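Working notes for the structure below.
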Amino acid sequence: MRTIQFREAVCEAMSEEMRRDEAIYLMGEEVAEYNGAYKASKGMLDEFGPKRVIDTPIAELGFAGIAVGSAMNGNRPIVEFMTFNFALVGIDQIINNAAKIRQMSAGQFNCPIVFRGPTASAGQLGATHSQAFENWYANTPGLKVVVPSNVYDCKGLLKSAIRDNDPVIFMESEQMYGDKGEVPDGEYTIPIGVADVKREGTDVTIVSFGKILKEAFIAADELAKEGISCEVIDLRTIRPMDHDTIINSVKKTNRLVILEEAWPFGSISSEITYIVQERAFDFLDAPIQRITTADTPAPYSPVLLKEWLPNAGDVVKAVKKVMYK
């Protein structure tokens, strides 16, 4: 095993797959000459050249459309959005073309694309640069949605996403690019659609994904000091969602808390709540609790932003509520 940064995991996954398959190319704003806005494509222009590592204008709708067309003609593009807030400009191509072309062409065209970039908040960036759209994309049949929480999962899942024959939304975090973690020396992949039990426990299940999962670990450590054993599940993939791992855990712990860095209405946590009450209602010893951001646009003020975001303290309170403590 060796230790690398999150941004290096992204770069290694893309580079390894581009060496394996010449149909794969990377396209986006500042991915080439600048080595990526977050240095996640460092050195790739030098290795693969300007035909396979392509700087684009600030025109997400345009280059997302180019990617869809080239994918329909046998290429396998990786599209980097500087953030998924900017992907809203290109969302027509993602939702109406990439996600639907297989069905609308009666299976004549695949659309193997990875749309990747950071999601959710990253400090004081204001309301329009602090949004999480995992639930928007997960609501769309034809798309797969992946949100890794650590370096190892990032590299393995990104390689699987690049090899997938359907469009994959791969969502990272600006605040995680400098995170370090261990990866194997050799090649590995992680299957899409499989959650991971990051911490085993017996008293309560905590389900989360992405960078906010760190708050679940902090809370679990604090609760362990009080004799409360938390099982922490990292979804890793939002769609297709691994329902069985969640259900099996709830059947063991009989309590569920869901932590999500997104608005509450129509959230991923709402979907999980429905699935659990449908499949494991009789196993619940307490109502399901969910923890999300406040139901407002993200504030710029650091004091307000701290209150807006979910944190470990919120998780501790929710766990104690389902434990009737």
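The values are calculated or read from the model by the stated rules, or taken from the named source; none is laboratory data. Quick caveat: nothing in here was measured; it's all calculated off a predicted structure. Glycine gets a Cβ as well: all are built from the backbone with ideal geometry, and neighbour counts include every protein chain shown. Only protein heavy atoms, including side chains, enter the accessible area calculation; ligands, DNA and RNA are left aside. Shrake-Rupley method; radii C 1.70, N 1.55, O 1.52, S 1.80 Å.
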### Query
When the stretch 53-99 is examined, which residues are found to be of a type in the set (S, T, N, Q) and open to solvent by 40 Å² or more (accessible area, probe 1.4 Å)?
73, 75, 96, 97
### Query
Residues in the stretch 28-43 that are crowded, with 21+ Cβ neighbours inside 10 Å and not hydroxyl-bearing (Ser, Thr, Tyr): how many?
5
#### Entry: helices (runs of 4 or more DSSP H) fully within the stretch 219-313 counting 3 or more residues that are farther than 30 Å from residue 144 by Cα
302-308
### Candidate set from the stretch 7-26 (those that are open to solvent by less than 10 Å² (accessible area, probe 1.4 Å) and in contact (Cβ under 8 Å) with a residue 40 or more places away in the chain); member that is farthest from the chain's Cα centre (by Cα)
24
### Message
Residues to consider are 107, 178; find the one that is over 18 Å from residue 70 (Cβ atoms) and touching a residue at least 60 places away in the same chain (Cβ under 8 Å).
### Response
178
### Query
For the stretch 1-66, list the strands (runs of 3 or more DSSP E) that sit wholly inside it and hold at least 2 residues that are closer than 29 Å to residue 182 by Cα; which are they?
2-5, 24-28
### Query
Give me the pairs: first residue in the stretch 229-245 and on the phi > 0 side of the Ramachandran plot, second residue part of a strand (DSSP E or B) and surrounded by fewer than 24 Cβ atoms within 10 Å (Cβ to Cβ), beta-carbon distance under 9 Å, and six or more apart or on different chains, which are they?
236/196
### Query
Are there any pairs, at least 6 apart or on different chains, whose C-beta atoms fall under 7 Å, with the first in the stretch 140-154 and farther than 28 Å from residue 100 by Cα and in contact (Cβ under 8 Å) with a residue 12 or more places away in the chain and the second part of a strand (DSSP E or B) and aliphatic (A, V, I, L, M), and if so, which?
151/4; 151/183; 152/183
